[in-house]
Amino acid sequence: MQLSGFQQIKDHLIHLPLPGLSGQLAMAPAVRAVEAERADQRTARLSGVLVLCYADTQEVMRMVLMQRTDYGGEHSGQISFPGGKMEPGDADLQHTALRESMEEVGTDPAKVMVLRELSELYIPPSHFMVHPYLGFMAHEPLLKADPTEVAAILTPRLADLLNPSAVRSIQVHSRRYGSMEVPCYRVDGHSIWGATAMILSEALLLIRKAEEVSRVS
């Protein structure tokens with residue numbers, strides 16, 4: 001997808017109904033739904049993440065993800081969106097998402113257009129309620145990884161993520177669940193699964209719907 005195409009659907013992205021939980025569950029590990037139902041989500045910690053779409057120097061739309069360092073925690077080494085827990089000084093969860101993205105991958109909050117909040121998602125292993133925010137930049141950001149938290153910054157093309165062939169099934173090992181088969185997005189040699197894939201699933205469904213509406217309007 002090119003910048004011009006994304007700009008054509010931008011207003012639809014803002015106003016269309018969200019796919020919601022059904023859109024997220026399309027990429028959920030089988031064990032996830034059962035454990036989420038058992039948890040008291042009212043006590044979950046709050047976090048915000050940034051789902052940032054931007055145009056590179058060739059006006060090709062890309063998305064910003066990152067691979068976490070191996071810190072020994074539940075999500076060590078996994079691919080995620082920039083983001084983290086809400087801090088006392090944050091005005092709201094959108095502020096959290098923008099601040100954490102700046103700290104982790106160097107994005108400038110002032111240059112990010114936040115289009116809307118996506119559906120919240122509960123993550124059982126870490127007991128977080130994640131609030132994702134869909135962002136847009138018409139120019140390529142100057143990305144810089146925080147070496148303490150980020151092993152690598154990933155910028156897959158949006159067209160590659162939207163390609164149905166990107167959806168695969170892989171075997172992973174989780175500290176919590178052991179070995180299991182999970183759905184994932186496979187792009188640029190990386191496998192995106194778990195909560196990140198669930199958030200990404202809703203975002204991509206919304207983009208596809210916006211493209212459909214734009215074609216007939």
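The values are calculated or read from the model by the stated rules, or taken from the named source; none is laboratory data. On a predicted model such as this, the values are computed, not experimentally measured, just so you know. Cβ atoms come from the backbone with ideal geometry, glycine included; neighbour counts cover every protein chain shown.
Observations on the structure shown:
- Selection status of residue 182, among the aliphatic types (A, V, I, L, M) and surrounded by fewer than 21 Cβ atoms within 10 Å (Cβ to Cβ): no
- Restricting the first member to the stretch 108-132 and to residues that are within 17 Å of residue 44 (Cβ to Cβ), and the second to residues that are of a type in the set (Lys, Arg), the beta-carbon pairs closer than 6 Å and six or more apart or on different chains are 125/176; 128/45.
- Selection of the stretch 101-132 for residues being outside any loop (DSSP other than H, G, I, E, B), among the small types (Gly, Ala, Ser) and closer than 23 Å to residue 210 by Cβ yields only 101.
- When the stretch 77-100 is limited to residues that are farther than 24 Å from residue 21 by Cα and under 16 Å from the mean Cα position of the chain (by Cα), the one that is surrounded by the fewest Cβ atoms within 10 Å (Cβ to Cβ) turns out to be 77.
- Matching entry among 28, 39 (being at pLDDT below 95 and within 14 Å of the chain's Cα centre (by Cα)): 28
- Of residues in the stretch 127-166 being of a type in the set (Ser, Thr, Tyr) and under 18 Å from residue 199 (Cβ atoms), the one surrounded by the fewest Cβ atoms within 10 Å (Cβ to Cβ): 155
- Within the stretch 43-76, the only residue that satisfies the criterion of being loosely packed, with under 12 Cβ neighbours inside 10 Å, at pLDDT below 85 and out of contact with any strand residue (DSSP E or B) (no Cβ under 9 Å at 6 or more places or on another chain) is 72.
- Answer residue from the stretch 137-184, given it is of a type in the set (Lys, Arg) and either within 19 Å of the chain's Cα centre (by Cα) or part of a strand (DSSP E or B) (or both) and is nearest to residue 82 (Cα to Cα) among those: 144
- Checked against the criterion of being within 20 Å of residue 7 (Cα to Cα), aliphatic (A, V, I, L, M) and crowded, with 21+ Cβ neighbours inside 10 Å, the stretch 114-121 has at least one qualifying residue.
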